[in-house]
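Reviewing the structure listed below.
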Amino acid sequence: MFELSSELAKRLRHDFRGEPTSSIYRLHRRRGFEVSFLADRWVGIVVSGKQATLVDAEVVDGQPPRLQNDLHMKLQSGDRAEALAVMSQQITNYLRENGIERVVVKGSSAGKTAMKLSHLESAELRGVVISSAASVCDTSIKKTGVISRTYGSRKANEYIEDDEHWNTHFDGDALKKGSREAALLLLAERED
Amino acid sequence: MSKFKSNLAIGKKIDNGHFGEVHMADDDVHGQVAVKIIRRDPNEDDATWQNMKKEFMSEAQLLAKAAHPNIVPVYHLVESNDGQSIQYCMEYCSGGSLKSIYEARPQSISEVRKIANDVLLGLDALHARGMIHRDIKPGNILLDGNGTARIADFGLVTDRIVLGYASQQGYKDHVAYEVWHGKGTSVRSDIWALGMTLYRLLHGEAWYTETDLPRYHIRDGNFCDRLKWLPHIPKQWRRMIRAMMYDDTDRRLQSVGQVQNALSRLPVSPDWACEVRRAEVEWSRQSGNRVVWVLLNRHSSRKHEWRSWSEPLTTGRSKTLARSEGVISASQAKKELEAHLLP
């Protein structure tokens, strides 16, 4: 096993046609080649209002996920159909160009308050994000309730608030507090 | 490359590129293609020319990796049969480059946002692959048959070429402050160049060339504060473009993602069409079943006058909406027009 420079690793994420090589690495792993120098890249996505929060992390067995990027993609103003198309392209582009292997999207859930148009529009955006992600890589949907039942012994919201949990379970000082929900999706997915 | 000789049937010239002319051509495999012909400078010695070819070849290895919907695919590089030029064969984009669009008139803010979205996707792909374009400008953005903007000519420019060889008109207008001061190109110098590109597209050539060209001032610093804006460009657009062009690279928008987010917040209405002529600037937009017009008469550099009226699309009378109180100062006209065009 050896360590590659991040620049070379970045280049190796694409094959000679410019396509992500993640599937090639998976294939090599199945064939028993030692390719552990490239960790998997997973992305957790939470859609809220007119924004998608993406937490991109390197996931290696036995180690806390290492933050690669914490970003927010905002739905552009103006024509809604055009804005959704742009969001779809941006999500697809990001996942493809960064060789993302797996995406976990926070699923919709019925709230305690009356359903409003803004909730429906947010669900539309969530649908666009899910379909865009699924066109690039393995994509799953996780609801907060399911995470609370299956991840650890506490409720999801308690983990999100717990600074100590993030210090020990996630490698990345730059992770914003508001992005922890998206990061928790990755932790929960790894436990499955 | 030198092992491969050209079999291209070169056709008519369609553009002038940074290093040479662009021609239509027929290729045995790809059919109609565009070919950039990079000719040897007659004053160049053998060693320099060989070195130049070597640089192009090393960069060509990167080009093969760059397949993306917003990047013009490069098929191959070959040497001409006489060894005096390199032929750079790429997909033909029937919509031409944004240079001709920029030369024709200012583009509306909705058109520029569409172009920016397309270009940012391509640029994001290049940056994610560890590449820098180094030459983002209207002439290097092509429109395909569907009107999608695609980046061309990346990978051909090296840091040495940026300031050493650049002589093409307009090129140095896209070189960021830190590059003028000896720092290398980077993701952030690409963002600077894209900021300048968006500014040029929003204003068109006639307006752009009314003031001193950027190449004479960028190195002095604070160039983004010197930009002269057409009055219909919203404040948010001005702020974003300035944020792409700050001298301080730490203060500048740092990544394509940040520019995409900034762009997503920009308004696209009112969406004025604009024409800039020597003594007049004219704006128009449709509002319901009427067309709103605004005309600025520039009697001199200091004395201006403007009026606005609406006309029905079909039948009816035109209505005066507003006007200046006779001939006023240029600064007063600018202030009044900003208030009128951006309610």
task: Can you confirm whether region B:62-71 contains a residue that is more than 14 Å from chain A (Cβ to nearest Cβ), in contact with an Asp or Glu (Cβ under 7 Å, 6 or more places away or on another chain) and not in a helix (DSSP H, G or I)?
output: no
query: Restricting attention to region A:70-94, which residues are more than 7 Å from chain B (Cβ to nearest Cβ) and small (Gly, Ala, Ser)?
result: A:ALA81, A:ALA83, A:ALA85, A:SER88
message: Out of the residues in region A:139-173 meeting the condition of being among the basic types (Lys, Arg) and under 16 Å from the mean Cα position of the chain (by Cα), tell me which one is surrounded by the fewest Cβ atoms within 10 Å (Cβ to Cβ).
response: A:LYS143
task: Give just the number: which of (1) within 14 Å of another protein chain (Cβ to nearest Cβ); (2) surrounded by fewer than 20 Cβ atoms within 10 Å (Cβ to Cβ); (3) among the hydrophobic types (A, V, I, L, M, F, W, C) does A:LEU117 not satisfy?
output: (1)
task: Output yes when any residue across region B:76-90 is facing chain A (nearest Cβ under 10 Å) and either surrounded by fewer than 22 Cβ atoms within 10 Å (Cβ to Cβ) or under 18 Å from B:ILE37 (Cβ atoms) (or both), and no when none is.
output: no
message: Name the single residue that is surrounded by the fewest Cβ atoms within 10 Å (Cβ to Cβ) among those in region B:301-324 being of a type in the set (Ser, Thr, Tyr) and assigned to a strand (DSSP E or B).
response: B:THR320
query: Of all residues in region B:91-132, how many are charged (D, E, K, R) and within 14 Å of chain A (Cβ to nearest Cβ)?
result: 6
- request: Within region B:262-281, work out how many residues are more than 14 Å from every other protein chain (Cβ to nearest Cβ) and either at positive phi or buried (at least 16 other Cβ atoms within 10 Å of the Cβ) (or both).
  value: 5
field: Residue satisfying condition, being closer than 24 Å to B:GLU205 by Cα and among the β-branched types (Val, Ile, Thr), within set B:VAL327, B:VAL256, B:VAL268
entry: B:VAL268
- prompt: Only one residue in B:GLN236, B:GLN258, B:GLN254 is within 20 Å of the chain's Cα centre (by Cα) and free of Cβ contacts under 8 Å to residues at least 12 places away in the same chain, so which one is that?
  reply: B:GLN258
query: With A:ALA83, A:ALA9 as the choices, which residue is part of a helix (DSSP H, G or I), at pLDDT 50 or above and surrounded by fewer than 18 Cβ atoms within 10 Å (Cβ to Cβ)?
result: A:ALA9
task: Could you tell me whether region B:286-294 includes any residue that is surrounded by 12 or more Cβ atoms within 10 Å (Cβ to Cβ), closer than 24 Å to B:ALA104 by Cβ, touching a Phe, Trp or Tyr at 6+ places or on another chain (Cβ under 7 Å) and not acidic (Asp, Glu)?
output: yes
Flag for A:LYS106 being within 14 Å of chain B (Cβ to nearest Cβ), among the basic types (Lys, Arg) and in contact with a strand residue (DSSP E or B) (Cβ under 6 Å, 6 or more places away or on another chain): no
- request: For region A:174-190, indicate whether the set of residues that are in contact with a helix residue (DSSP H, G or I) (Cβ under 9 Å, 6 or more places away or on another chain), part of a loop (DSSP other than H, G, I, E, B) and surrounded by 13 or more Cβ atoms within 10 Å (Cβ to Cβ) is non-empty.
  value: yes
message: Among the listed residues A:LEU95, A:LEU175, identify the single one that is more than 26 Å from B:ASN117 (Cβ to Cβ) and at pLDDT 90 or above.
response: A:LEU175
- prompt: Of A:ASP173, A:ASP138, which residue is among the charged types (D, E, K, R) and in contact with a Lys or Arg (Cβ under 9 Å, 6 or more places away or on another chain)?
  reply: A:ASP138
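The values are calculated or read from the model by the stated rules, or taken from the named source; none is laboratory data. Remember, it's a predicted structure, so these values are computed and weren't measured experimentally. Quick reminder, even Gly has a Cβ in these numbers, built from the backbone with ideal geometry, and neighbours come from all protein chains shown.
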